Amino acid sequence: MRRRIVAGNWKMNTTYTEAMALVDGLKESLTEEVVGETGVIITPPALYLSDIVESLVENPYIAVAAQNCHEKESGAYTGEWSAPMLASLDIDAIIIGHSERREYFGETNEACNTKISQALNNELAAIYCIGETLEERKSGAYMDVILKQCEEGLAGFIADDMDNIILAYEPVWAIGTGETASPEQAQEVHAGIRAWLTERFDAETAQDVSILYGGSCKPGNAAELFAKADIDGGLIGGASLNAADFTAIIEARTKA
Ligand code: PGA
(Lines give C-alpha, C1' and ligand atoms only; values in the text may rest on other atoms or scores of the structure.)
Protein backbone atom coordinates (compact mmCIF):
# COMPACT_ATOMS: atom_id res chain seq x y z
CA MET A 1 0.00 0.00 0.00
CA ARG A 2 1.35 3.39 -0.91
CA ARG A 3 1.91 5.93 1.82
CA ARG A 4 0.25 9.28 2.22
CA ILE A 5 3.03 11.78 2.77
CA VAL A 6 3.32 15.49 3.43
CA ALA A 7 6.87 16.82 3.11
CA GLY A 8 7.97 20.38 3.85
CA ASN A 9 10.80 21.88 1.81
CA TRP A 10 12.22 24.83 3.73
CA LYS A 11 14.63 25.76 0.91
CA MET A 12 17.22 28.44 1.85
CA ASN A 13 15.08 29.91 4.62
CA THR A 14 15.29 30.26 8.42
CA THR A 15 18.13 31.21 10.71
CA TYR A 16 19.20 28.57 13.22
CA THR A 17 16.97 30.05 15.93
CA GLU A 18 13.98 30.24 13.59
CA ALA A 19 14.53 26.67 12.43
CA MET A 20 14.62 25.27 15.96
CA ALA A 21 11.52 27.29 16.88
CA LEU A 22 9.69 25.90 13.84
CA VAL A 23 10.61 22.35 14.88
CA ASP A 24 9.38 23.07 18.42
CA GLY A 25 6.10 24.40 17.01
CA LEU A 26 5.62 21.26 14.92
CA LYS A 27 6.43 18.98 17.83
CA GLU A 28 3.60 20.63 19.68
CA SER A 29 1.00 20.75 16.93
CA LEU A 30 1.58 17.34 15.32
CA THR A 31 -0.48 15.11 17.57
CA GLU A 32 -1.54 11.55 16.87
CA GLU A 33 -4.93 12.81 15.74
CA VAL A 34 -3.47 15.27 13.23
CA VAL A 35 -0.88 12.89 11.81
CA GLY A 36 -2.87 9.63 11.74
CA GLU A 37 -1.38 7.48 8.97
CA THR A 38 0.29 10.41 7.20
CA GLY A 39 4.05 10.30 6.84
CA VAL A 40 5.46 13.71 7.78
CA ILE A 41 8.87 14.81 6.51
CA ILE A 42 10.64 18.13 7.07
CA THR A 43 13.56 19.26 4.92
CA PRO A 44 15.52 21.99 6.71
CA PRO A 45 18.75 23.56 5.48
CA ALA A 46 21.60 21.02 5.69
CA LEU A 47 23.45 23.05 8.31
CA TYR A 48 20.78 22.36 10.91
CA LEU A 49 20.05 18.70 10.17
CA SER A 50 22.17 17.29 12.94
CA ASP A 51 20.57 19.38 15.70
CA ILE A 52 17.10 18.87 14.31
CA VAL A 53 17.49 15.08 14.17
CA GLU A 54 18.71 15.23 17.76
CA SER A 55 15.74 17.29 18.87
CA LEU A 56 13.34 14.82 17.21
CA VAL A 57 14.83 11.62 18.63
CA GLU A 58 11.80 11.04 20.84
CA ASN A 59 9.25 12.28 18.33
CA PRO A 60 7.39 9.46 16.55
CA TYR A 61 5.87 11.56 13.78
CA ILE A 62 8.46 13.73 12.05
CA ALA A 63 11.06 12.32 9.64
CA VAL A 64 13.91 14.50 8.38
CA ALA A 65 15.26 14.88 4.85
CA ALA A 66 17.97 16.90 3.09
CA GLN A 67 17.37 19.15 0.09
CA ASN A 68 20.22 17.83 -2.06
CA CYS A 69 23.38 15.73 -2.12
CA HIS A 70 26.44 15.56 -4.37
CA GLU A 71 26.84 12.90 -7.05
CA LYS A 72 30.07 11.60 -5.53
CA GLU A 73 30.66 9.91 -2.17
CA SER A 74 33.53 12.17 -1.10
CA GLY A 75 36.43 14.14 -2.51
CA ALA A 76 37.62 17.58 -3.52
CA TYR A 77 34.25 19.28 -4.02
CA THR A 78 34.46 22.36 -1.84
CA GLY A 79 31.17 23.48 -0.37
CA GLU A 80 29.28 20.29 -1.14
CA TRP A 81 27.94 17.39 0.97
CA SER A 82 27.44 13.77 0.10
CA ALA A 83 24.85 11.07 0.74
CA PRO A 84 27.16 9.12 3.11
CA MET A 85 27.57 12.33 5.17
CA LEU A 86 23.80 12.76 5.33
CA ALA A 87 23.31 9.09 6.22
CA SER A 88 25.77 9.52 9.09
CA LEU A 89 23.39 12.13 10.58
CA ASP A 90 20.56 9.57 10.75
CA ILE A 91 18.26 11.42 8.43
CA ASP A 92 15.66 9.57 6.38
CA ALA A 93 15.58 10.93 2.84
CA ILE A 94 17.00 13.32 0.26
CA ILE A 95 15.07 15.54 -2.15
CA ILE A 96 16.61 15.14 -5.59
CA GLY A 97 16.12 17.14 -8.76
CA HIS A 98 14.05 19.99 -7.36
CA SER A 99 13.29 22.38 -10.23
CA GLU A 100 15.32 25.11 -8.50
CA ARG A 101 18.34 22.77 -8.57
CA ARG A 102 17.65 22.04 -12.23
CA GLU A 103 17.19 25.72 -13.13
CA TYR A 104 19.89 27.45 -11.05
CA PHE A 105 22.47 24.70 -10.68
CA GLY A 106 22.14 22.98 -14.04
CA GLU A 107 21.07 19.61 -12.67
CA THR A 108 20.22 17.19 -15.46
CA ASN A 109 18.13 14.03 -15.39
CA GLU A 110 21.38 12.05 -15.57
CA ALA A 111 22.81 13.85 -12.53
CA CYS A 112 19.55 13.16 -10.69
CA ASN A 113 19.85 9.49 -11.63
CA THR A 114 23.30 9.31 -10.01
CA LYS A 115 22.09 11.18 -6.93
CA ILE A 116 19.14 8.81 -6.50
CA SER A 117 21.65 5.91 -6.59
CA GLN A 118 23.68 7.71 -3.94
CA ALA A 119 20.62 8.03 -1.72
CA LEU A 120 19.59 4.40 -2.14
CA ASN A 121 23.13 3.06 -1.72
CA ASN A 122 23.26 4.86 1.60
CA GLU A 123 19.90 3.55 2.74
CA LEU A 124 18.13 6.87 2.38
CA ALA A 125 14.87 7.35 0.52
CA ALA A 126 14.89 9.63 -2.52
CA ILE A 127 12.17 12.19 -3.20
CA TYR A 128 12.60 12.69 -6.94
CA CYS A 129 11.07 15.92 -8.31
CA ILE A 130 9.76 16.27 -11.84
CA GLY A 131 7.64 18.88 -13.57
CA GLU A 132 7.26 21.10 -16.61
CA THR A 133 7.91 24.80 -17.15
CA LEU A 134 5.20 27.23 -18.23
CA GLU A 135 6.32 27.09 -21.88
CA GLU A 136 6.27 23.32 -21.80
CA ARG A 137 2.77 23.37 -20.33
CA LYS A 138 1.58 25.85 -22.95
CA SER A 139 3.13 23.85 -25.78
CA GLY A 140 0.95 20.90 -24.79
CA ALA A 141 3.99 18.59 -24.65
CA TYR A 142 4.25 18.63 -20.85
CA MET A 143 3.61 14.92 -20.41
CA ASP A 144 6.53 14.11 -22.74
CA VAL A 145 8.82 16.29 -20.62
CA ILE A 146 7.66 14.71 -17.35
CA LEU A 147 7.95 11.16 -18.63
CA LYS A 148 11.44 11.87 -20.00
CA GLN A 149 12.41 13.08 -16.52
CA CYS A 150 10.99 9.81 -15.13
CA GLU A 151 12.69 7.68 -17.78
CA GLU A 152 16.13 9.24 -17.46
CA GLY A 153 16.05 9.94 -13.73
CA LEU A 154 14.94 6.40 -12.92
CA ALA A 155 17.10 4.64 -15.53
CA GLY A 156 18.57 1.39 -14.28
CA PHE A 157 16.41 1.04 -11.18
CA ILE A 158 14.37 -2.09 -10.60
CA ALA A 159 10.92 -2.49 -9.05
CA ASP A 160 12.35 -3.16 -5.57
CA ASP A 161 14.21 0.16 -5.67
CA MET A 162 10.88 1.95 -5.98
CA ASP A 163 10.14 1.03 -2.34
CA ASN A 164 12.58 3.81 -1.49
CA ILE A 165 11.73 6.34 -4.17
CA ILE A 166 8.94 8.88 -3.75
CA LEU A 167 7.98 10.99 -6.77
CA ALA A 168 6.98 14.65 -6.51
CA TYR A 169 5.20 16.29 -9.42
CA GLU A 170 5.88 20.01 -9.20
CA PRO A 171 4.84 22.13 -12.17
CA VAL A 172 7.51 24.86 -12.27
CA TRP A 173 4.87 27.50 -13.08
CA ALA A 174 3.11 26.74 -9.79
CA ILE A 175 6.13 26.82 -7.46
CA GLY A 176 6.14 29.85 -5.20
CA THR A 177 3.88 31.71 -7.62
CA GLY A 178 0.60 31.40 -5.77
CA GLU A 179 -0.76 29.70 -8.87
CA THR A 180 -1.70 26.06 -8.22
CA ALA A 181 -2.36 23.33 -10.74
CA SER A 182 -6.06 22.56 -10.52
CA PRO A 183 -6.83 19.22 -8.87
CA GLU A 184 -7.83 17.95 -12.34
CA GLN A 185 -4.57 19.12 -13.97
CA ALA A 186 -2.52 17.52 -11.19
CA GLN A 187 -4.54 14.29 -11.24
CA GLU A 188 -4.07 13.99 -15.01
CA VAL A 189 -0.30 14.13 -14.63
CA HIS A 190 -0.20 11.84 -11.58
CA ALA A 191 -2.30 9.24 -13.41
CA GLY A 192 0.02 9.56 -16.43
CA ILE A 193 3.05 8.96 -14.24
CA ARG A 194 1.40 5.95 -12.65
CA ALA A 195 0.54 4.53 -16.08
CA TRP A 196 4.19 4.99 -17.06
CA LEU A 197 5.30 3.21 -13.83
CA THR A 198 3.00 0.30 -14.73
CA GLU A 199 4.67 -0.04 -18.13
CA ARG A 200 8.20 0.49 -16.87
CA PHE A 201 7.90 -1.77 -13.80
CA ASP A 202 4.58 -3.52 -13.12
CA ALA A 203 1.06 -2.72 -11.90
CA GLU A 204 1.77 -3.57 -8.26
CA THR A 205 4.85 -1.38 -8.12
CA ALA A 206 2.98 1.48 -9.80
CA GLN A 207 0.19 1.26 -7.22
CA ASP A 208 2.70 1.32 -4.36
CA VAL A 209 4.72 4.40 -5.36
CA SER A 210 3.72 7.60 -3.55
CA ILE A 211 3.34 10.54 -5.93
CA LEU A 212 3.23 13.93 -4.19
CA TYR A 213 2.01 17.22 -5.66
CA GLY A 214 3.98 20.42 -5.09
CA GLY A 215 3.39 24.00 -6.18
CA SER A 216 1.57 26.56 -4.01
CA CYS A 217 -0.16 23.85 -2.00
CA LYS A 218 -1.73 25.63 0.98
CA PRO A 219 -4.26 24.93 3.75
CA GLY A 220 -6.97 26.37 1.48
CA ASN A 221 -6.42 24.06 -1.49
CA ALA A 222 -4.79 20.95 0.02
CA ALA A 223 -7.98 18.99 0.70
CA GLU A 224 -9.25 19.20 -2.89
CA LEU A 225 -5.87 18.14 -4.27
CA PHE A 226 -5.56 15.23 -1.81
CA ALA A 227 -9.07 14.06 -2.69
CA LYS A 228 -7.82 12.97 -6.12
CA ALA A 229 -7.14 9.27 -6.56
CA ASP A 230 -3.49 9.51 -7.62
CA ILE A 231 -2.37 12.43 -5.45
CA ASP A 232 -0.84 10.78 -2.40
CA GLY A 233 0.31 13.90 -0.61
CA GLY A 234 2.25 17.10 -1.02
CA LEU A 235 5.70 18.61 -1.18
CA ILE A 236 5.15 21.96 0.45
CA GLY A 237 7.44 24.98 0.12
CA GLY A 238 6.28 28.35 1.47
CA ALA A 239 3.48 26.99 3.66
CA SER A 240 5.87 24.58 5.41
CA LEU A 241 7.65 27.54 7.04
CA ASN A 242 4.62 28.22 9.19
CA ALA A 243 3.83 25.52 11.77
CA ALA A 244 0.07 26.23 11.75
CA ASP A 245 -0.19 26.11 7.94
CA PHE A 246 1.95 22.97 7.61
CA THR A 247 -0.09 21.30 10.35
CA ALA A 248 -3.34 22.23 8.59
CA ILE A 249 -2.06 20.66 5.35
CA ILE A 250 -1.09 17.47 7.20
CA GLU A 251 -4.52 17.40 8.79
CA ALA A 252 -6.10 17.78 5.35
CA ARG A 253 -4.10 14.75 4.14
CA THR A 254 -5.03 12.67 7.18
CA LYS A 255 -8.72 13.44 6.76
CA ALA A 256 -9.03 13.23 2.96
P1 PGA B 1 5.76 26.25 -2.91
O2 PGA B 1 7.04 25.34 -3.24
O3 PGA B 1 4.85 25.40 -2.04
O4 PGA B 1 6.29 27.43 -2.18
O5 PGA B 1 5.13 26.59 -4.21
C6 PGA B 1 6.90 23.97 -3.49
C7 PGA B 1 8.27 23.38 -3.73
O8 PGA B 1 9.11 24.00 -4.39
O9 PGA B 1 8.56 22.25 -3.26
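Data overview
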read-out	value
Radius 14 Å from Cβ of residue 25, net charge of other residues (Lys, Arg +1; Asp, Glu -1)	-3
For a label point 7 Å along the Cα-to-beta-carbon line of residue 244, residues of the stretch 206-229 with backbone N under 19 Å	217-223
The stretch 114-165 shape via C-alpha gyration tensor axes, a/c threshold 1.5	prolate
Label-to-label distance, nm, for residues given as residue 29 and residue 144 (7 Å Cα→Cβ offset)	4.3 nm
Projected label distance in nm at residue 51 and residue 202, using a 7 Å step from Cα toward the beta-carbon	4.8 nm
Ellipticity estimate at 222 nm from DSSP helix runs (n ≥ 4, -39,500 (n - 2.57)) divided over the chain, nearest 500	-12500 deg cm²/dmol
Relative contact order [Cα under 8 Å, 6+ residues apart], the stretch 76-234, whole percent	21 percent
Average accessible surface area per residue within the chain, 1.4 Å rolling probe, Å²	45 Å²
Rounded, prolate or oblate (a/c below 1.5 giving rounded, otherwise prolate when a/b exceeds b/c) for the chain by Cα gyration tensor	rounded
Eligible lysines near residue 228 by straight Cα distance, threshold 17 Å, same-chain separation 8 or greater	218, 255
Heavy-atom accessible surface of the stretch 36-94: percent carbon and sulfur, 1.4 Å	49 percent
Neighbourhood charge, 13 Å Cβ-Cβ cut-off, centred on residue 84 and excluding it, Lys, Arg +1 and Asp, Glu -1	-3
Among 118, 20, 139 the positive-end extreme of the charge dipole of the chain (Cβ point charges)	139
The stretch 159-230: C-alpha gyration tensor shape, a/c 1.5 cut-off, then a/b vs b/c	prolate
Computed accessible area, residue 43, all protein chains, 1.4 angstrom probe, square angstrom	0 Å²
DSSP-assigned coil residues among GluC sites (Glu not before Pro) in the stretch 153-256, each with at most 15 further Cβ atoms within 10 Å	179
Kirkwood Rh, angstrom, the stretch 11-119 [1 / mean 1/r, Cα pairs]	15.0 Å
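The values are calculated or read from the model by the stated rules, or taken from the named source; none is laboratory data. Because the structure is predicted, anything quoted here is derived from the model rather than measured. Here the Cβ is made from the backbone with ideal geometry for all residues, glycine too, and neighbour counts use every protein chain on show. Side chains included, ligands, DNA and RNA excluded: accessible areas come from the protein's heavy atoms. Shrake-Rupley method; radii C 1.70, N 1.55, O 1.52, S 1.80 Å.
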